[in-house]
Each structure stands twice: as C-alpha cells, then as structure tokens.
1. Quick check on this structure: which one of 242, 212, 227 is in contact with a helix residue (DSSP H, G or I) (Cβ under 8 Å, 6 or more places away or on another chain) and on the phi > 0 side of the Ramachandran plot?
2. So which residues in segment 137-178 are surrounded by fewer than 20 Cβ atoms within 10 Å (Cβ to Cβ), under 23 Å from residue 89 (Cβ atoms) and in contact with a helix residue (DSSP H, G or I) (Cβ under 8 Å, 6 or more places away or on another chain)?
3. Please state which one of 273, 296, 277 is farther than 24 Å from residue 352 by Cβ, out of contact with any helix residue (DSSP H, G or I) (no Cβ under 6 Å at 6 or more places or on another chain), modelled with pLDDT under 95 and surrounded by fewer than 21 Cβ atoms within 10 Å (Cβ to Cβ).
4. Restricting to segment 230-244, and then to whatever is under 22 Å from residue 182 (Cα atoms) and touching a strand residue (DSSP E or B) at 6+ places or on another chain (Cβ under 7 Å), can you tell me which residue is surrounded by the most Cβ atoms within 10 Å (Cβ to Cβ)?
5. From the set of residues in segment 204-215 that are under 19 Å from residue 102 (Cβ atoms) and assigned to a strand (DSSP E or B), which is farthest from the ligand (Cβ to nearest atom)?
6. (1) touching a helix residue (DSSP H, G or I) at 6+ places or on another chain (Cβ under 9 Å); (2) at pLDDT 95 or above: which one isn't true of residue 358, the others all being true?
7. Name the single residue that is nearest to residue 169 (Cα to Cα) among those in segment 250-263 being within 14 Å of the ligand (Cβ to nearest atom) and surrounded by fewer than 24 Cβ atoms within 10 Å (Cβ to Cβ).
8. Pull up segment 269-311, narrow it to residues that are in contact with a strand residue (DSSP E or B) (Cβ under 8 Å, 6 or more places away or on another chain) and assigned to a helix (DSSP H, G or I), then point me to the one that is farthest from the ligand (Cβ to nearest atom).
Ligand SMILES: [Zn+2]
C-alpha cells in the first residue's frame with residue numbers, strides 16, 4: 001500500500017491515502033488529530049471462556065460480545081431488531097451482536113457493522129420501517145473484522161451494498177486465524193468467503209459523503225484489534241466507537257489479532273479529548289452512551305493496566321497475579337465473558353507482548 005513513516009504519517013499527499021469511488025467517497029486529507037479537530041471545526045453543534053471452540057458455532061464468529069460466553073448459538077429466528085433514534089437521521093439498531101449505526105436519508109442508507117447473516121433481512125426491514133426512505137443500504141462500514149460485526153457482509157453485499165473497512169479487516173477476514181486474549185479466550189476464525197470481503201479498504205481513513213454528512217471512518221491502530229475504525233457523524237454529533245468502547249464490562253482485547261490495551265486507551269483518550277462534550281456515543285456493545293461513560297471506561301483501563309504492569313515489574317507470574325486477585329477493586333467490571341482472571345491474562349499478554357498464535361498483517 002502506501003509508504004508510511006514510522007509515526008504513521010503518509011509520505012504521499014492526501015489523495016493517495018484513501019479510497020475513492022465515484023463522487024460518494026473521497027479520502028480525507030487530514031491526519032487523525034486534525035480529523036477529530038475537523039469534527040469540532042465544522043462544529044454545527046458543537047467468557048469466562050476457558051477454551052472456546054464450540055463446534056456448533058462453526059461458521060459463526062461470536063467473537064467479541066457477551067454472546068460469546070454462551071454455550072450455544074443464539075436462535076436468530078427469535079431475535080428482534082430494535083431501532084433507536086440517536087440524533088437527526090442517525091439510528092442505532094440492536095439485535096444480536098455488535099450495535100449497528102445507521103445514517104438514513106434521502107441519498108440512501110449507510111450502516112456501520114452488520115451483526116450476523118441470518119439477521120440481515122430483519123435489519124433491512126427495520127431500516128425500511130423507519131419510514132424515511134425506500135432506498136437501499138448503499139454502504140456498509142465494518143468497525144473491525146469480528147464475526148458479530150461483519151457476519152451480515154455476504155447478504156448485504158449480495159443485495160448490492162458496498163463493503164468498506166480498514167485494510168487489516170479484509171486481510172484478517174480473508175486469511176482467518178486465531179482470535180483471543182493470548183490465553184484462555186481463544187477462537188479459530190475460518191477464512192471468509194469472497195463475498196464477505198470489503199471491496200474498498202483504506203489504510204488511515206475514508207469519508208463517505210451521503211445524506212448531507214461527511215461520515216468519516218478513522219483507523220486507530222492496535223486497540224481491540226489491528227483493524228479498528230471509529231466512525232464519526234459530525235453533522236449529527238454522533239460517534240460509533242466499534243469495540244474500542246463496550247458496555248459489558250472488562251473489554252475483550254484481541255491481542256491475537258494485533259490488539260493492545262495501550263492502543264485502546266490511546267484511542268479513547270484522543271477521542272474524548274477532541275469530541276464535543278455532548279456527543280452521543282454508540283458503543284460496540286451495550287446501551288447508547290456519552291463521554292462520561294467513555295471516561296469511566298478509560299480510567300478503568302488505565303488503572304487496571306497500571307496494576308498489572310507493576311506486578312510484571314515486581315516479577316510476579318500470571319498465576320500469582322490471579323491468586324492475589326489483583327483486579328479485585330475493579331470486580332464490578334467482570335462478566336461471564338471477560339472475568340477478572342481473563343482480564344489479567346489480557347493485560348499481561350498485551351503488556352508483555354505475548355500474543356499467543358499471533359499472525360501479523362502489516
Ligand atoms: Zn470485536
């Protein structure tokens with residue numbers, strides 16, 4: 001792709017960096033700091049998964065949400081899609097899997113993430129039932145490659161939507177591999193079929209100009225995975241954080257897919273520092289949120305990673321850290337998906353660079 005300097009700044013001028021399709025997508029010229037600044041400038045407003053290989057789930061990548069803790073695949077026939085108006089013409093759709101963000105307007109529909117294939121028709125019906133447009137989903141932007149965010153790619157692609165994501169999303173979908181925290185959370189990802197692969201990929205950022213808004217996907221390196229994007233809707237003052245920000249407690253950080261706690265912290269700090277105070281935040285999983293929720297989450301990440309780093313510096317082993325329950329003060333963040341021990345493993349592996357069966361895609 002494009003040559004880069006070590007700090008990620010492109011050596012090429014702006015237009016060489018992104019993707020372009022017709023008049024609807026154009027690369028942004030800004031770097032990440034000014035991209036978030038642009039959000040302001042434009043300023044119209046201001047598992048417990050011990051080993052997690054459930055054969056019944058083959059083909060379903062229940063990777064990063066609470067559903068991953070379930071022993072059985074969800075019954076998709078019973079899932080209902082709930083659409084909530086977030087702001088202006090931006091909606092949040094909840095069903096099973098990651099939250100879907102949607103810009104619905106006169107030019108058509110852009111969605112951010114698409115849950116699971118069996119839900120695609122219900123998602124399309126829920127969008128139509130808003131009564132705003134009969135136009136189709138023209139673009140799907142994936143926040144990262146996990147199957148509970150990209151599972152609908154094939155049906156949406158087959159229905160004519162154009163799939164867009166960061167370069168590493170396509171690489172990881174195409175290659176398959178191991179997702180996990182480097183220890184007890186581990187799942188094999190099968191290579192995706194061609195129709196699931198994003199047609200347009202970008203290294204740093206891309207902007208979709210639709211429904212009177214510059215919908216901007218911006219890559220933040222090495223957070224939940226190595227292909228994460230946060231999606232900004234500046235006119236409507238909404239942001240979709242993908243799984244760099246979730247509401248189910250301790251986050252799953254896919255260190256086996258290039259994620260890291262420091263990258264997640266960096267992404268959240270950069271975003272909270274530059275977004276409008278009243279921005280509405282769609283998390284990767286969980287209820288609609290605000291920046292105070294993001295700050296509390298970031299604070300927990302910083303405190304817990306500092307505790308684990310200190311234990312590493314004190315030459316404690318992973319087992320000692322678990323026995324001493326060093327994350328007990330943050331126990332309210334534990335879930336069946338990522339309990340205290342699993343999060344200690346996550347932080348330990350992230351901070352020591354132990355990534356399990358890591359496959360680098362860069
Ligand atoms: Zn995920």
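The values are calculated or read from the model by the stated rules, or taken from the named source; none is laboratory data. As the structure is a computational prediction, the values presented were derived from the model and not from experiment. No Cβ is skipped: glycine too gets one built from the backbone with ideal geometry, and neighbour counts run over all protein chains shown.
1. None of the others qualify; the one that does is 242.
2. 159
3. One residue alone meets the criteria, 273.
4. Among them, the one singled out is 242.
5. From segment 204-215, those under 19 Å from residue 102 (Cβ atoms) are 206-215; that's our starting set.
After this cut, where a residue has to be assigned to a strand (DSSP E or B) as well, the list is 206-210, 213-215.
Numbers: 206: 20, 207: 23, 208: 22, 209: 27, 210: 25, 213: 25, 214: 26, 215: 21 Å.
Here the residue is 209.
6. With respect to (1) touching a helix residue (DSSP H, G or I) at 6+ places or on another chain (Cβ under 9 Å); (2) at pLDDT 95 or above, residue 358 is out only on (2).
7. 258
8. 291
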